[in-house]
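One structure is given below, encoded as structure tokens.
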Amino acid sequence: MNNSLLNTARLLAAGLRALLVLTLVTGVLYPLAVTGVAQSLFRDKADGSEISAQGRVVGSSLIGQAYDLPLAKGQETPALDLKWFQGRPQNGLGVNSVNTRYKLILSGATNRAGDDRELVEWVTAAKAAVVRDNSVPGHPVRPSQVPADAVTSSGSGLDPDISPAYAELQAPRVAARNGLPVARVEQLVKDHTQGRTLGFMGEPRVNVLELNVALRGLTGGR
């Protein structure tokens with residue numbers, strides 16, 4: 001009986017020591033080491049890839065955001081602020097429980113097939129809106145010019161980037177709304193176009209927040 005109690009006590013003590021050691025290693029030392037390496041070598045990424053403008057953080061280069069006008073009285077859905085470059089559709093082309101206008105509670109997109117009737121209606125309406133919003137005197141937009149990312153959301157619904165084609169399509173409208181030469185805004189798009197990752201992964205892209213921060217610099221912060 002005494003041997004049994006001693007063995008039990010010995011096992012409990014060994015288990016407690018193992019728990020304490022593993023807690024120290026995996027719960028304290030390892031997180032501190034990883035945090036130290038991240039802050040030393042990848043500080044920007046570790047802190048959320050923040051973008052600052054005029055001395056304050058305005059967002060992350062990894063997460064898209066809305067560029068809307070304030071809600072008017074009785075209005076439920078805000079209108080786009082067309083002086084800014086706009087990102088991809090924010091509702092996953094269909095409001096659902098996992099896609100809530102760039103909110104970070106959850107993310108996701110619709111799971112609809114390409115021949116889904118409602119999806120086709122949403123894409124058609126989105127294309128008409130892009131044509132309407134971006135057609136300005138001297139620079140009409142044809143439906144055939146509207147790229148796919150202008151009328152569809154990404155898989156997460158949080159994509160911060162748009163294609164160079166969509167950014168270039170918006171340039172005349174942005175120039176007109178801000179009183180800038182079209183050529184200057186088009187050059188701004190070119191300056192902020194990133195190539196494929198490592199030269200072969202993904203597609204060329206334009207980060208909308210970085211582009212709009214640069215645009216604000218052109219307009220003197222208006």
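Every number here is computed from the coordinates shown, using simple stated rules; none is lab data. Here the structure is a predicted model, which means the values were calculated and not measured. Note that each Cβ is placed from the backbone with ideal geometry, even for glycine, and that neighbours are counted across all protein chains shown.
Relative protection proxy for 182-189, 205-212, 3-10, from highest mean packing down: 205-212, 182-189, 3-10 (other beta-carbon atoms within 10 angstrom). Between I63, I51, I162, the Gaussian network model of the chain with springs among Cα atoms under 10 angstrom shows the greatest mean-square fluctuation at I51.
Angle, helix 30-41 long axis vs. longest principal axis of the chain, Cα atoms, 0 to 90°, nearest 10? That helix lies at roughly 40 degrees to the long axis.
Under a 5 Å amide H cut-off, with hydrogens placed 1.01 Å from N, D68 pairs with D81 among residues at least 5 apart or on other chains. Taking label points 7 Å from Cα along the Cα-to-Cβ direction, A79 and A125 give a separation of 1.8 nm. Compute the long axis of helix 2-24 from its Cα atoms, compare it with the longest principal axis of the Cα atoms of the chain, and write down the angle in degrees, 0 to 90, nearest 10. Taking the Cα atoms of the chain, the angle to 2-24 is about 30 degrees. For a modelled paramagnetic label at L62, 7 Å from Cα along Cα-to-Cβ, the residues of the stretch 187-222 in reach, with backbone nitrogen under 17 Å, are 207-210.
Rounded to the nearest 0.05, the FRET efficiency derived from the C-beta distance between D47 and D133 at R0 = 35 Å is 0.50. Listed options for Rg and Dmax of the Cα atoms in Å are (1) 25.2, 97; (2) 17.1, 51; (3) 16.1, 50. The value calculated from this structure is the one marked (1). Taking the charge dipole of the chain about its Cα centre, with +1 at Lys and Arg Cβ atoms and -1 at Asp and Glu Cβ atoms, the residue from T26, V146, T77 reaching farthest to the positive side is T26.
Of the listed peptides 78-90, 17-29, 118-130, what is their order by residue-averaged count of other C-beta atoms within 10 Å, with the highest listed first? Each step should come with its number before you reach the end.
Working: 78-90: 19.7, 17-29: 10.3, 118-130: 15.4.
My ranking of the peptides, most packed first, is 78-90, 118-130, 17-29.
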